[in-house]
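A quick write-up on the structure given underneath.
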Amino acid sequence: MALPLPLPEAAALLAAFLLLLLLLVCVIAHITAVKMPALHRYEEEKFFINSEGRKESVPSIHDPPTKELSVVVPSYNEEDRLPLMMDEAMDFLEKRQKRDPSFTYEVIVVDDGSKDQTTKVAMKYCKKYGSDKVRVLSLVKNRGKGGAVRMGVFISRGKKILMADADGATKFADIEKVEEGLKNLQPWPNQMAISCGSRAHLEKDSIAKRSYFRTLLMYGFHFLVWFLCVKEIRDTQCGFKLLTREAALRTFSTLHVERWAFDVELLYIAQHLRIPIAEVAVNWTEIEGSKLVPFWSWLQMGRDLLFIRLRYMTGAWQLETRKCN
């Protein structure tokens with residue numbers, strides 16, 4: 001009969017095993033990393049359909065800005081929720097323009113390979129307001145939320161670029177709060193700054209409405225974000241973020257993750273580039289119809305967080321700027 005190992009030896013064996021496991025994960029993360037994925041745009045994605053039904057070439061973020069604000073709305077199977085968000089956003093933006101005629105804007109709805117009538121719904125707003133104000137970019141295949149946002153950012157014409165979710169969970173009028181957060185960061189180094197909407201102040205109320213399992217997942221995800229990637233922002237996942245054009249170009253040109261964890265990599269990149277970041281409380285309401293599947297989506301995001309840290313740490317990913325072709 002084998003004698004049990006003394007405690008110090010057992011602890012040493014366990015530590016050696018964990019170290020070996022970490023080394024193995026590092027190797028897997030490094031060799032499976034796509035170093036700098038090509039920012040390929042399909043031929044159909046080089047044009048948008050204007051309000052008159054004709055093709056127009058998309059602009060580039062490398063061009064000088066011609067609008068004060070671009071709003072990028074990633075949309076996947078959002079035919080039901082998109083109208084509420086668009087009605088609220090367009091009403092706010094039109095009223096602002098009436099008060100201040102020098103204010104110019106565009107809303108870019110990015111249909112991320114939807115299987116429903118998302119593009120058709122978005123085109124109604126294009127026809128109503130004109131294609132100079134509302135543009136619809138239909139992606140050939142689903143890229144994920146981060147990929148859809150990036151494709152919208154790369155055809156933006158605004159000095160400032162706002163990411164806004166299609167469900168309208170964040171009150172659009174709260175753009176004034178994130179604008180104030182951006183303003184308070186001045187002077188912006190190299191004209192780069194980011195202002196993030198945040199739901200952290202609503203955390204206690206949300207816990208009361210969630211199951212214990214979902215609350216545990218939420219705390220686990222927040223810990224991983226803090227431990228592995230981003231320490232200064234409490235809510236990395238709010239889809240309401242305002243970036244200067246220069247900050248958007250620099251961060252999205254470096255981005256690798258295209259699914260749900262892209263926000264974390266975006267802020268990880270920003271912190272390493274010393275781009276100032278503000279976190280601003282916004283009004284937020286949970287809207288039915290979320291595409292996030294609690295357990296599997298959190299599991300995928302947890303894996304992405306670990307790989308973000310390890311791939312930058314091992315040099316598989318680097319802070320390089322790429323250009324979309």
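For first residues located in region 63-80 and at negative phi, partners that are of a type in the set (Val, Ile, Thr) and open to solvent by 60 Å² or more (accessible area, probe 1.4 Å) and lie 6+ apart or on another chain with Cβ distances below 9 Å do not occur. Count of region 119-128 residues, restricted to those that are open to solvent by 10 Å² or more (accessible area, probe 1.4 Å) and free of Cβ contacts under 8 Å to residues at least 60 places away in the same chain, is 6.
Restricted to region 228-246, and to residues there that are more than 19 Å from Trp317 (Cα to Cα) and part of a helix (DSSP H, G or I), the residue that is least open to solvent (accessible area, probe 1.4 Å) is Arg245. Listed by first and then second residue, the pairs with beta-carbon distance under 6 Å, at least 6 apart or on different chains, first residue in region 297-317 and farther than 9 Å from Ala261 by Cα and among the aliphatic types (A, V, I, L, M), second open to solvent by less than 30 Å² (accessible area, probe 1.4 Å) and assigned to a loop (DSSP other than H, G, I, E, B), are Ala316/Ala33. Just one of the listed residues (Asp116, Asp167) is at pLDDT below 95, surrounded by fewer than 17 Cβ atoms within 10 Å (Cβ to Cβ) and not in a helix (DSSP H, G or I), and it is Asp116. On the stretch given as region 170-198, residues that are open to solvent by 60 Å² or more (accessible area, probe 1.4 Å) and either more than 22 Å from Lys133 (Cα to Cα) or not in a helix (DSSP H, G or I) (or both) total 9.
The values are calculated or read from the model by the stated rules, or taken from the named source; none is laboratory data. Computed from a predicted structure; not experimentally measured. Glycine gets a Cβ as well: all are built from the backbone with ideal geometry, and neighbour counts include every protein chain shown. Only protein heavy atoms, including side chains, enter the accessible area calculation; ligands, DNA and RNA are left aside. Shrake-Rupley method; radii C 1.70, N 1.55, O 1.52, S 1.80 Å.
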